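Remarks on the structure that follows.
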Number of protein chains: 2
Amino acid sequence: MNDDTATPMPQPGKIMLVGIGPGSHDHMTFRARAAIAEADVVVGYVTYIKLVADLLDGKEVVRKGMTEELDRAVSALAAARLGKKVALISSGDAGVYGMAGPAYEVLFQAGWTPDDAVQVEIVPGASALNACAARVGAPLTHDFCAISLSDLLTPWPTIARRLDAAALADFVIALYNPKSGRRTRQIVEAQRLLLRHRRADTPVAVVKSAYRRRERIEFTTLDQMSDCDIGMLTTVLIGNSNTVLRHGLMVTPRGYANKYDMAEGGGARDGERPGRSLSSGLNGWLETLLADHAAGDSVELLASRHRLPVDYIRATLYEPLPAAAPDAPQVEEA
Amino acid sequence: MNDDTATPMPQPGKIMLVGIGPGSHDHMTFRARAAIAEADVVVGYVTYIKLVADLLDGKEVVRKGMTEELDRAVSALAAARLGKKVALISSGDAGVYGMAGPAYEVLFQAGWTPDDAVQVEIVPGASALNACAARVGAPLTHDFCAISLSDLLTPWPTIARRLDAAALADFVIALYNPKSGRRTRQIVEAQRLLLRHRRADTPVAVVKSAYRRRERIEFTTLDQMSDCDIGMLTTVLIGNSNTVLRHGLMVTPRGYANKYDMAEGGGARDGERPGRSLSSGLNGWLETLLADHAAGDSVELLASRHRLPVDYIRATLYEPLPAAAPDAPQVEEA
């Protein structure tokens, strides 16, 4: 039974983890702007607070330093516990090196669960890699990775192993937090690791403050990368072995030339069919592998030829998977 | 001299490569919506055209099939050459496996340069990995990579090498195009490659149509991944070795526990300082490396201990870089 004399339940609080995109309002999402508009409290790193200054009239604003992510999350939770709506803002995407992770770490530590009165919403946005890529051409049209060079929370060998693997496997690479006032050698060590596998003339774009007033774009090559003007507001995009710099645009081919004769009207090359896997795709490759092995090529030779682990080649040859029955018809693809 | 009798120059055309985000209007950017609004012609894959159907009144709409990316770009260029403004739309981000790459390939092939009358603008958006991550927690708070399992334009050994490298170096992994009606074995082979380096119970999120009407999220583990309902509208997020699934949320710790005692009030651990590199960061690690080597540990032993290439360890020990002078004061970091 309700007791008419009881204090009314306070309005439940909410934490909105808002990715504001690169920093210009044009490239913010409708939901990001609405989330800030409905917030009672906005919490963020001072630089990001400045980027949304015109949206903050009448709101409580909590400005924090760069090293205070956990503090920001603690402040947000405290305000939400009082029934307030809190926008905890990140530049780019809240989930990519943003506040979503630290916020959940703090929430879990505080005993929060999704059943709590305090609700949590994550508002995605265009991350620095999306924004920087858009400003330089189309560098991310093929497999890519993001690696932060900050060793404030990550041991260097972990970072170094990722640089080595990404270079070897020919990913396009986006370096976040490449350099700061105190961290100046990480970018040089990164360059040294990448050059072990990648050509000195690999195209590199050094992008500072994409879509902001002080945007600055510099194109260079992998062997010159560490000489560029790089700071904490810079993202570095490193091409894969097919990336080209043409007419001042950095473009990674998607691979159409593997299948189509681009210069000759765009018809499919011999042995290739539009809408189907390449002849060197999984099924075609497996056929070749089986045929070469039957013809006498050893597992070790095949592994070396295809630069893949010996035990993967062996498993693929000797532990074939049941041929999966095709699913119900699905959308087809490129 | 101007000739008054000359035909007036037609309005120059424009190609806008628009990333519409995950598909709900809330998560589209202001610029994406404005670009579609100012377009005379909207070109895109039929499914994406449907997602923006209410923005298309009075516009010429060119619907293309999934395999027709180059056709879409050719159509866009043809319309722009007639002086039209063309929005060539992609879901997510136009640069991430989107239309930006194919468009530049077609433009370059046609002799286009940035001085051409036809101008090009890329409008970034939240990609599938950002959207899917926002729906499942905070899986992308540390280094991650995106790998497409489509072998329609990429040879399988290239894809397999990237899966192997990403698993070994402990990246969080987003799989794009994981499976289609015809391509059913790629996800199984991917699982086999990933399990060579990663635990069977590694958390995996299978996200279909994030933020769309038929959104569906399934949490599983790496050894069960290929049994899930996966199709062309699915993105698969695979955690790193630290990722946890807690209270139905997938979270990758950023690494605060490496530096701070999270359970004991959040103070820095012995030997660690807020705002500075970890004791196992680059400089601390180099000191340890030099000391261990001086104490008799061989280069090979050190390489094995830190799981890094022998020649990198040798170069780091014997080819020290000049100590870079700190730059002008910069923003500090976490």
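The values are calculated or read from the model by the stated rules, or taken from the named source; none is laboratory data. Quantities reported herein were computed from a predicted structural model and do not represent experimental measurements. All Cβ positions, glycine included, derive from the backbone under ideal geometry; neighbour counts span all protein chains shown.
For region A:145-175, enumerate the residues that are of a type in the set (A, V, I, L, M), modelled with pLDDT of 95 or more and not in a helix (DSSP H, G or I).
So in region A:145-175, the residues of a type in the set (A, V, I, L, M) come out as A:146-147, A:149, A:152-153, A:159-160, A:163, A:165-169, A:172-175.
Okay, now just the ones that are also modelled with pLDDT of 95 or more, so A:146-147, A:149, A:159-160, A:163, A:165-169, A:172-175.
Result: A:146, A:147, A:149, A:169, A:172, A:173, A:174, A:175.
Scanning region B:271-307 for residues that are away from chain A (no Cβ under 11 Å), out of contact with any Lys or Arg (no Cβ under 9 Å at 6 or more places or on another chain) and over 22 Å from residue A:183 (Cβ atoms) yields B:293, B:294, B:295, B:296, B:298, B:300, B:301, B:304. Residues B:212, B:183, B:198: which one is surrounded by fewer than 20 Cβ atoms within 10 Å (Cβ to Cβ), assigned to a loop (DSSP other than H, G, I, E, B) and within 24 Å of the chain's Cα centre (by Cα)? Of B:212, B:183, B:198, the one residue that is surrounded by fewer than 20 Cβ atoms within 10 Å (Cβ to Cβ), assigned to a loop (DSSP other than H, G, I, E, B) and within 24 Å of the chain's Cα centre (by Cα) is B:212. Any residue that is closer than 30 Å to residue A:131 by Cα, without any contact (Cβ under 8 Å) to a residue 60 or more places away in the chain and of a type outside the set (D, E, K, R) - is there at least one of those in region A:262-285? Scanning region A:262-285 turns up at least one residue that is closer than 30 Å to residue A:131 by Cα, without any contact (Cβ under 8 Å) to a residue 60 or more places away in the chain and of a type outside the set (D, E, K, R). For region B:236-251, the count of residues that are of a type in the set (D, E, K, R), within 12 Å of chain A (Cβ to nearest Cβ) and under 26 Å from residue A:152 (Cβ atoms) is nonzero.
Test residue B:143 against the stated conditions and say whether it is more than 20 Å from residue B:94 (Cβ to Cβ) and over 15 Å from the mean Cα position of the chain (by Cα). Steps first, please.
Working: more than 20 Å from residue B:94 (Cβ to Cβ): yes; over 15 Å from the mean Cα position of the chain (by Cα): no.
No; evaluated as a whole, the condition is false for this residue.
Working only within region B:140-180, note down all residues that are buried (at least 24 other Cβ atoms within 10 Å of the Cβ), within 30 Å of residue B:35 (Cβ to Cβ) and more than 7 Å from chain A (Cβ to nearest Cβ). Of everything in region B:140-180, those that are buried (at least 24 other Cβ atoms within 10 Å of the Cβ), within 30 Å of residue B:35 (Cβ to Cβ) and more than 7 Å from chain A (Cβ to nearest Cβ) turn out to be B:174, B:175, B:178.
If you go through region B:208-236 and keep only what is without any contact (Cβ under 8 Å) to a residue 40 or more places away in the chain and not hydrophobic (A, V, I, L, M, F, W, C), you end up with B:208, B:213, B:214, B:216, B:218, B:220, B:221, B:223, B:224, B:226, B:227, B:229.
Name the single residue that is nearest to residue B:108 (Cα to Cα) among those in region A:261-270 being more than 7 Å from every other protein chain (Cβ to nearest Cβ) and in contact with a helix residue (DSSP H, G or I) (Cβ under 9 Å, 6 or more places away or on another chain).
A:263
Filtering region A:217-232 to residues that are surrounded by 20 or more Cβ atoms within 10 Å (Cβ to Cβ) and facing another protein chain (nearest Cβ under 10 Å) leaves A:226, A:230. Total residues in region A:17-54 satisfying the condition of being in a loop (DSSP other than H, G, I, E, B), in contact with a strand residue (DSSP E or B) (Cβ under 7 Å, 6 or more places away or on another chain) and among the small types (Gly, Ala, Ser): the figure is 1. For residue B:237, the criteria (1) at pLDDT below 95; (2) among the hydrophobic types (A, V, I, L, M, F, W, C); (3) under 30 Å from the mean Cα position of the chain (by Cα); (4) within 30 Å of residue A:72 (Cα to Cα) hold in every case but one, which is (1).
Is it true that some residue in region A:105-114 is of a type in the set (A, V, I, L, M), part of a helix (DSSP H, G or I), more than 14 Å from the chain's Cα centre (by Cα) and within 21 Å of residue B:253 (Cβ to Cβ)? Don't jump to the end; show me each part of the working.
Going residue by residue through region A:105-114, those that are of a type in the set (A, V, I, L, M) are A:106-107, A:110.
So of that shortlist, the ones also part of a helix (DSSP H, G or I) come out as A:106-107.
This time we only want the ones that are more than 14 Å from the chain's Cα centre (by Cα), so: A:106-107.
Imposing the further condition that a residue be within 21 Å of residue B:253 (Cβ to Cβ) reduces the set to A:106-107.
Within region A:105-114, one or more residues are of a type in the set (A, V, I, L, M), part of a helix (DSSP H, G or I), more than 14 Å from the chain's Cα centre (by Cα) and within 21 Å of residue B:253 (Cβ to Cβ).
Could you tell me whether region A:35-52 includes any residue that is crowded, with 19+ Cβ neighbours inside 10 Å, of a type outside the set (A, V, I, L, M, F, W, C), more than 24 Å from residue B:274 (Cβ to Cβ) and at pLDDT 95 or above? So far as region A:35-52 goes, no, none of its residues is crowded, with 19+ Cβ neighbours inside 10 Å, of a type outside the set (A, V, I, L, M, F, W, C), more than 24 Å from residue B:274 (Cβ to Cβ) and at pLDDT 95 or above.
Does residue B:178 satisfy being at negative phi and in a helix (DSSP H, G or I)? Considered against the rule, which asks whether it is at negative phi and in a helix (DSSP H, G or I), residue B:178 comes out as no.
The set of residues in region A:245-273 being within 28 Å of residue A:200 (Cβ to Cβ) and buried (at least 16 other Cβ atoms within 10 Å of the Cβ) consists of A:245, A:249, A:250, A:251, A:252, A:253, A:254, A:255, A:256, A:258, A:262. As a summary of the residue check, residue B:57 satisfies the conditions (1) among the acidic types (Asp, Glu); (2) touching a residue at least 40 places away in the same chain (Cβ under 8 Å); (3) in a loop (DSSP other than H, G, I, E, B) except for the one numbered (2).
State whether one or more residues within region B:237-247 are under 28 Å from residue A:165 (Cα atoms), in contact with a helix residue (DSSP H, G or I) (Cβ under 9 Å, 6 or more places away or on another chain) and without any contact (Cβ under 8 Å) to a residue 24 or more places away in the chain. No, there is no match, as no residue in region B:237-247 is under 28 Å from residue A:165 (Cα atoms), in contact with a helix residue (DSSP H, G or I) (Cβ under 9 Å, 6 or more places away or on another chain) and without any contact (Cβ under 8 Å) to a residue 24 or more places away in the chain. Step by step: first the residues of region B:67-101, then only those that are charged (D, E, K, R) and out of contact with any Ser or Thr (no Cβ under 8 Å at 6 or more places or on another chain), then the one that is nearest to the other protein chains (Cβ to nearest Cβ). Which residue is that? Looking at the filtered set, the residue picked out is B:69.
The residue that is farthest from residue B:74 (Cα to Cα), counting only those in region B:26-49 that are of a type in the set (Ser, Thr, Tyr) and facing chain A (nearest Cβ under 10 Å), is B:29.
Looking at A:110, A:100, A:76, just one residue is surrounded by fewer than 22 Cβ atoms within 10 Å (Cβ to Cβ) and of a type in the set (Gly, Ala, Ser), and that residue is A:110.
Residue by residue through region B:116-137, note down the ones that are at the interface with another protein chain (Cβ under 8 Å from one of its Cβ atoms) and hydrophobic (A, V, I, L, M, F, W, C). Those that are at the interface with another protein chain (Cβ under 8 Å from one of its Cβ atoms) and hydrophobic (A, V, I, L, M, F, W, C): B:122, B:123, B:126, B:131, B:133, B:134.
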